[in-house]
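Working notes, beginning with the structure itself.
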Amino acid sequence: MKSLLCTVFYPVWRWITAPQRRFMFVSYSEELSTDHSVFRRNVLNSELYRRWWGDDVRFARDQNLKTQYENTKRGVMFATSITGSATGKGCDELIVDDPVNAQNAFSDKERQTTNRNFDATFRSRLNDPASGSIVVIMQRLHEDDLTGHLLAQEPGAWTHIKLPAEAEVPEHWRFPISVDRIHERKPGDLLWPERFSREVLHDLKTALGSWAYAGHYQQNPAPFEGGIIKRDWIKYYRELPEGTGKWIQS
């Protein structure tokens, strides 16, 4: 849902009232970026979209590729990967969706490459930093993934929308346009009970383990080396050490 809402539906809706907006989309792989790009183009070419907004949003004939297309108002949608090139490309809105492959989230090299590429390459792609926007969409995979990196590097600079499957603290979400509307969640309330019921979440927690569940579903990635008790503190012995000491069994 996060990719459909933010990476597919939002940009094509934005073009309805601001067809001149230039978008850049970044994912961990060219394949994923291309898939999202094709989804957006399918919506733009759909019968419903053409019927309602076809006069306002029309493709430029010489710029209509899978990964880049332009409309007649000079609006552009360009897709690439976090390790791909963006040289010479600028945008009004940068959308980074799943910048890290979940299978590589525990590789220090992969995370550092992702964070470094974002800082060095994509962070400077906004045509006007004062009016442009950057959106990062991902599930938390590690305490130093791109979201963790940005929150630590620039505390208070980002609007952080965190939606755990099970509310852990009281939450108050004010609608950005209908400001009088507030959605409240109490501790224990489920985010999407029709799809992820308590029984389903319980089974997922059992299958994944509490540590992986905390990151994937609660958006609280725990440090892999441990929190209060560090993993490297734990020693293993083939023979019991000599002398007296404290023995703790848990």
When residues of the range 19-45 are filtered for being surrounded by 13 or more Cβ atoms within 10 Å (Cβ to Cβ) and either outside any helix (DSSP H, G or I) or touching a helix residue (DSSP H, G or I) at 6+ places or on another chain (Cβ under 8 Å) (or both), how many remain?
15
Candidate set from the range 156-191 (those that are out of contact with any helix residue (DSSP H, G or I) (no Cβ under 7 Å at 6 or more places or on another chain) and touching a residue at least 40 places away in the same chain (Cβ under 8 Å)); member that is nearest to Met1 (Cα to Cα):
Leu163
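Against the condition within 19 Å of Gln219 (Cβ to Cβ), without any contact (Cβ under 8 Å) to a residue 60 or more places away in the chain and surrounded by 14 or more Cβ atoms within 10 Å (Cβ to Cβ), how does Ala152 come out, does it pass?
On the way: within 19 Å of Gln219 (Cβ to Cβ): yes; without any contact (Cβ under 8 Å) to a residue 60 or more places away in the chain: yes; surrounded by 14 or more Cβ atoms within 10 Å (Cβ to Cβ): no.
Here the answer is no, as Ala152 does not meet what is asked.
Does Leu151 satisfy being within 18 Å of the chain's Cα centre (by Cα) and assigned to a helix (DSSP H, G or I)? Give the derivation first.
Details: within 18 Å of the chain's Cα centre (by Cα): yes; assigned to a helix (DSSP H, G or I): yes.
Yes, satisfied.
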Pairs needed: first member in the range 1-29, of a type in the set (Ser, Thr, Tyr); second member anywhere, in a helix (DSSP H, G or I); C-beta distance under 6 Å; at least 6 residues apart or different chains.
Thr7/His36; Ser27/Ser33
Please indicate, with yes or no, whether at least one residue in the range 53-62 is under 21 Å from Ser124 (Cβ atoms), surrounded by fewer than 20 Cβ atoms within 10 Å (Cβ to Cβ), assigned by TED's automatic domain parsing to the domain that holds Val136 and in contact with a Phe, Trp or Tyr (Cβ under 8 Å, 6 or more places away or on another chain).
no
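The values are calculated or read from the model by the stated rules, or taken from the named source; none is laboratory data. Remember, predicted model here, so these are calculated numbers, not experimental data. Every residue, glycine as well, gets a Cβ built from its backbone with ideal geometry; the counts of neighbours run over all protein chains shown.
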